[in-house]
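The values are calculated or read from the model by the stated rules, or taken from the named source; none is laboratory data. Everything numeric in this text was worked out from a predicted model, so none of it was measured. All Cβ positions, glycine included, derive from the backbone under ideal geometry; neighbour counts span all protein chains shown. Just so you know, the surface numbers come from the protein's heavy atoms only, side chains and all, with ligands and any DNA or RNA stripped out. Shrake-Rupley method; radii C 1.70, N 1.55, O 1.52, S 1.80 Å.
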Amino acid sequence: MAAKFKAPRGTFDVLPEQQPVRRRIERTAREMLEAAGYGRIDTPVFEDTELFARSVGESTDIVQKQMFTFEDQGGRSLTLRPEATASLCRAYLEHGMHKRAQPVKLWASGPFFRHERPQAGRYRQFSQIDVEVIGSDSPLVDAELIVLLHDLLAELGVEGVRLRLGSLGSPGARLAYLEELRAYLRSHERDLSKEVRERIEVNPLRAFDADHEGTRKVMAEAPTMLDHLGDEDAEHFATVRKLLEREGVAYDLDPTLVRGLDYYTRTVFEFECERLGTQSGLGGGGRYDGLIEQLGGQPTPANGWALGVERVALALGEEGRAPAALVFIVAEGEARDRALALATELRRAGLAADLDLGDRAVKGQMKQADRVGARYALILEDGGAPVLRDMRSGEQREIEPGRLAEELMRGRSEDARGLREEPPVS
Ligand code: HAM
């Protein structure tokens, strides 16, 4: 029978066997970020619509076309968060974090929402790991952030990664550059695609992104921001590059790197993976030195990035398997009640134990122990001593009930969940 309901377009379920890779990504990120002094923050999944319009930018695709916006019962316009930076800046201001030691280093993780056309690697609900450093304009921050993302991808084992690096300069230089770019585009108007032509005034940088043949030819000769950086911005960028080179982080200088959000200034970057096809962006970010002020705070430089969890999982292409219990208790007859008592006792001691809840015969229970990937089966028989079976070697031996936990701990391994794990971070 065909299912009557399906997950909404562009969304997906994460099944038990798909959890381990996501959990590994989240755990690795959490360990790395917390070791580097970043504090976890959680913010609501919806915010005032105005927050995103003001920060992400009115003219961006995200704000114009992709927001899940709704009115609540009180007539307020709310939006499911399309990204985290705006929310974290809002929280920084709301909680007076400028009074803490600067910069404030935060990280977050969870679901985000964009009404995009779904395709492989592009969803309407997706997960990000997001990192923000608010309150320092030092190039050390830019370098630290990029090195962390580089190392995280390396630690996870993502292959075929490329880093694109650019600088957008400060707002003044950028405005002057944009005027020059507009003039250039106008002078080549006839060769541009209709879409680009219509956006010359609103967003001339988008022309660098175009697939249209004529537009691409024009853009190959277009002036770039990197040639128009002011002295301080150029020096800042040179320092970032020097620091990255010192840390052995390879990058491609990309004078035309355009990000889909309006708040960026100075350094911008994006990590791509050649394995991913058209949606090749794994994660990226950059400086946004004007955003906090734009949201009503004091002028406060900041920088950050976000990593797409689904894209990393796709790039890793790991075969999933649901985490297995360390021990599966097999019991028959009277011993069935003891099985639950024993499973409870082991679970209370923090060990991962499972038992037959399907009323199977002993043979079926052994099969089930194998199917769920248990490291051991513990066979309880009426009257007799419990027998511990090593599911890998097939070796079986009687065991003193008092020594059970100790024996089990000895066989704890990576693929069998021995101790109860912390809940996943998202
Ligand atoms: P973003 O480039 O829009 O940046 O998103 C970061 C990453 O999220 C992308 O590289 C991609 O892996 C993932 N992503 C975005 N949209 C989708 C989607 N529809 N489906 C699946 N994955 C997606 C930001 O969001 C900025 N807030 C990053 C930042 C932080 N800049 C400064 N601080």
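Comparison of Leu178, Leu149, Leu165 shows that the only residue that is modelled with pLDDT of 95 or more, open to solvent by less than 80 Å² (accessible area, probe 1.4 Å) and in a helix (DSSP H, G or I) is Leu149. The residue list Gly317, Gly286, Gly296 contains one member that is out of contact with any helix residue (DSSP H, G or I) (no Cβ under 6 Å at 6 or more places or on another chain), open to solvent by 10 Å² or more (accessible area, probe 1.4 Å), modelled with pLDDT of 95 or more and under 27 Å from Trp107 (Cα atoms), which is Gly296.
Annotation: Arg287 fulfils all but one of (1) of a type in the set (D, E, K, R); (2) away from the ligand (no atom under 12 Å from the Cβ); (3) touching a Phe, Trp or Tyr at 6+ places or on another chain (Cβ under 9 Å); the unmet one is (2). When residues in segment 70-104 are screened for being open to solvent by less than 70 Å² (accessible area, probe 1.4 Å), farther than 15 Å from Pro299 by Cα and more than 16 Å from the ligand (Cβ to nearest atom), 5 of them pass. Only residues that are farther than 18 Å from Ile25 by Cα and within 8 Å of the ligand (Cβ to nearest atom) were counted in segment 125-145, giving 1.
Counting the residues of segment 253-284 that are among the basic types (Lys, Arg) and near the ligand (Cβ under 9 Å from one of its atoms) gives 1. Among the criteria (1) away from the ligand (no atom under 13 Å from the Cβ); (2) on the phi > 0 side of the Ramachandran plot, the one Gln64 does not fulfil is (2). Listed by first and then second residue, the pairs with beta-carbon distance under 7 Å, at least 6 apart or on different chains, first residue in segment 234-249 and hydroxyl-bearing (Ser, Thr, Tyr), second at pLDDT 95 or above, are Thr239/Pro139. Residues in segment 320-332 that are more than 29 Å from Phe113 (Cα to Cα) and open to solvent by 50 Å² or more (accessible area, probe 1.4 Å): Glu332 alone. Taken together, Arg397, Arg348 contain a single residue that is farther than 15 Å from Ala325 by Cα and surrounded by fewer than 14 Cβ atoms within 10 Å (Cβ to Cβ), which is Arg397. Out of the residues in segment 110-124 that are assigned to a strand (DSSP E or B) and over 12 Å from the mean Cα position of the chain (by Cα), which is nearest to the ligand (Cβ to nearest atom)? Looking at residues that are assigned to a strand (DSSP E or B) and over 12 Å from the mean Cα position of the chain (by Cα), I get Arg122. Of everything in segment 299-314 that is open to solvent by 40 Å² or more (accessible area, probe 1.4 Å) and either among the acidic types (Asp, Glu) or touching a residue at least 12 places away in the same chain (Cβ under 8 Å) (or both), the residue that is nearest to the ligand (Cβ to nearest atom) is Arg311.
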